[in-house]
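Here, each number is a calculation from the coordinates, and none is a lab measurement. All values derive from a computational prediction rather than experimental measurement. Using ideal geometry, Cβ is built from the backbone for each residue, glycine included, and neighbour counts are taken over all protein chains shown.
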Amino acid sequence: MKILSIETSCDETGVAVLEKKDKIKVLTNELASQVELHKQHGGVHPTIAIREHRKKLPILLERALEPSLDYLAVTVGPGLEPCLWAGIEFIKVVAISLDLPVIPVNHIEAHILTPLMNKSIEKFLPAVALIVSGGHTQLVLVKDVGEYKILGRTRDDAAGECFDKTARIIGLPYPGGPAIASEASNGNKLNIELPRPMKNTENYDFSFSGLKTAVLYYHKEQTDKSEEYISSMSFAIQEAINDVLIHKTAKASKDFSVKSVILGGGVSANKDLRKKMKEKLNVPLLTTSPALATDNGVMIGVSAFFNENKAVHWSKLKADANLSIND
Ligand code: KG4
Ligand code: ZN
C-alpha cells in the first residue's frame with residue numbers, strides 16, 4: 001500500500017510518499033522550510049506562510065509523486081487555519097485528478113505515532129507522550145492507537161515558543177531552540193539560575209511565560225552582555241525548560257505505570273532533553289530522528305497508515321485549527 005501525504009499546518013511544507021509491505025518505508029520525503037523567511041519577523045508570519053505553502057506544494061508534489069498510489073493524506077488540524085486550508089485545497093485537486101480517497105490526519109497524533117513506526121506497539125503501549133513544539137506542549141496518555149487522554153498542557157506559552165521568545169530577548173536568531181542549544185554547549189560559567197514554573201504542582205500542566213519574564217528582567221539588568229553571559233543564559237534557559245518537561249513526564253509515566261515514553265515535536269530535537277529524559281526514566285524513550293522531530297510530510301504518512309479506516313471522499317475534508325486528540 002502506498003500513501004502520498006501533505007503537511008502545511010505551520011511553517012514547513014512537506015510532501016512524502018510512504019509504502020507499506022511488511023514494514024513502512026519512506027520512498028520520497030520533500031520538505032520546504034520557511035525558517036529563513038520568518039526569521040526577519042522573529043516568528044511565523046501567517047500571510048507569508050500561506051503564500052509559501054501555495055508556491056511550494058506543486059513543486060514538491062512533482063518531485064515526490066510516485067505511481068500506483070492507494071491513498072492521499074493531509075493534516076486537517078490543529079494548526080494555523082489558513083495554512084491548513086492551503087494543504088487541504090491542494091490535496092482536493094490531487095484527489096480529483098487521481099480519483100483517490102483522502103485520510104485526514106491530526107497533527108499531534110502524527111507526532112505521537114511517528115516514533116512508533118515499524119515497532120510492535122503491544123510492547124510500548126500504553127505510553128505517555130510529551131509533544132513539544134512551537135505551538136504545542138501536551139502530555140498525553142496513549143492508551144492505544146486512537147485512544148488518547150490529554151493529561152496536561154501549557155497554560156500560556158508552548159515550550160518551543162519559550163525557546164524562541166527568550167532567544168529573541170537575548171539577541172539570538174529564530175528559531176530559538178537550536179540557537180540556544182548551540183550556545184548552551186559552552187556551559188553556565190556565570191551560574192545563572194532561573195525559575196522552574198509549575199514544576200512541583202500535582203497536575204500535569206505547564207507554564208512558561210513566567211520563565212520568559214524572568215529572562216527579560218535578568219537581561220535588562222545585565223550591563224555586560226559578553227559571550228560568556230549569552231552562553232550561560234542559554235544554558236540556564238535550556239536547563240529550566242528541560243527540567244520541568246522531564247520532571248512532569250517522568251511523574252506521569254510512574255503515575256500511569258506505562259510501558260514507554262514518546263517524545264515528539266520540534267523541541268524533541270533537543271539533545272540535552274533526550275539525554276536527560278532517558279537517564280530519568282525507568283521505561284524506554286521513543287523518539288524520531290531529529291529530522292523527523294520538526295514538522296514534515298513523513299509523519300503525516302505514518303499516521304495515515306495507522307488510520308486507513310478514516311479515509312474519506314475529498315468533499316468531506318475541512319480544516320479545524322483547534323482539533324483535539326482527546327477521546
Ligand atoms: O514541531 P515544529 O517544527 O513546529 C511546530 O509545530 O511548532 O517545532 C518548532 C519548534 C520551534 O519553537 C523551535 O525553536 C523548536 O521547535 N526546536 C528546538 C530545537 N529544534 C527545534 N527546541 C529546542 N532544541 C532544539 N534543538
Ligand atoms: Zn508539529
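Along its principal axes, region 154-216 has C-alpha extents of 34, 25, 18 angstrom, given from the largest down.
For the options Val132, Val74, Val93, a Gaussian network treatment of the chain with springs between C-alpha atoms closer than 10 Å singles out Val93 as fluctuating the most. Which of the aspartates and glutamates could a cross-linker bridge to Lys254, judged by Cα under 15 Å and excluding same-chain residues fewer than eight apart? Once the sequence-local aspartates and glutamates are set aside, what remains near Lys254 is Glu202, Glu279.
Are any of the pairs Lys189/Lys275; Lys123/Lys212; Lys119/Lys149; Lys225/Lys278; Lys56/Lys143 more than 32 Å apart by Cα-Cα distance, and if so, which? As for pairs spanning more than 32 Å Cα to Cα, those are Lys123/Lys212; Lys225/Lys278; Lys56/Lys143. Ordering His41, His136 from the fewest to the most neighbouring beta carbons within 10 Å gives His41, His136.
Couplings for region 84-95, taken from phi via the Karplus curve 6.51 cos²θ - 1.76 cosθ + 1.60 with θ = phi - 60°, read 4, 4, 4, x, 5, 4, 5, 5, 4, 5, 5, 5 Hz in order; Gly and Pro are left as x. Within the straight-line cut-off of under 27 Å between alpha carbons, the lysines reachable from Lys55 are Lys2, Lys39, Lys92, Lys316, Lys318, sequence neighbours fewer than 8 places apart in one chain being disregarded.
Residues with amide H under 5 Å of Ile103's amide H, sequence separation 5 or more or different chain, H placed in the peptide plane at 1.01 Å from N; which? The list, which skips near neighbours in sequence, is Leu72, Ala73, Val74, Val312.
Taking only C-alpha pairs under 8 Å that are 6+ residues apart, what is the relative contact order of the chain in percent?
Relative contact order comes out at 26 percent.
When both bridge partners sit in the chain, DSSP labels roughly 60% of those beta bridges antiparallel. Rounded to the nearest 20 Debye, what is the dipole magnitude of region 70-125 about its Cα centre when Lys and Arg each give +1 and Asp and Glu each give -1 at the C-beta? In total the dipole reaches around 180 debye.
To the nearest whole percent, what portion of all C-alpha pairs in the chain is separated by more than 36 angstrom? Of all Cα-Cα distances in the chain, 19 percent exceed 36 Å. With r as the distance between the Cβ atoms of Val283 and His313 and R0 = 35 Å, compute the FRET efficiency 1/(1 + (r/R0)^6) and round to 0.05. For His313 and Val283, the calculated efficiency is 0.30.
Taking amide H atoms as placed 1.01 Å from N in the peptide plane, the amide H of Leu286 lies under 5 Å from those of Val261, Ile262, Leu263, each 5 or more residues away in sequence or on another chain. Close amide H partners of Gln34, meaning residues 5 or more places away or on another chain with modelled amide H under 5 Å apart, are Thr13. Using C-alpha pairs below 8 Å separated by at least 6 residues, the relative contact order for region 44-145 is 22 percent.
Here region 47-178 carries DSSP beta bridges of which approximately 70% are antiparallel, counting only pairs with both residues inside. Here Thr137, Thr288 are placed in order of increasing Cβ neighbour count within 10 Å, fewest first, which gives Thr288, Thr137. Cβ crowding within 10 Å ranks Val105, Val244 as Val244, Val105, fewest other Cβ atoms first. Annotation: for a label point projected 7 angstrom from Cα along Cα→Cβ of Tyr217, no residues of region 148-163 have a backbone N closer than 15 Å.
In order along region 239-248, phi translates into HN-Hα couplings of 4, 5, 5, 5, 4, 5, 4, 5, 4, 5 Hz, rounded to whole numbers, per the Karplus curve 6.51 cos²θ - 1.76 cosθ + 1.60 with θ = phi - 60° and x for Gly and Pro. Each residue, Asp255 and Lys189, gets one label point 7 Å from its Cα in the Cβ direction; the gap between the two is 4.1 nm.
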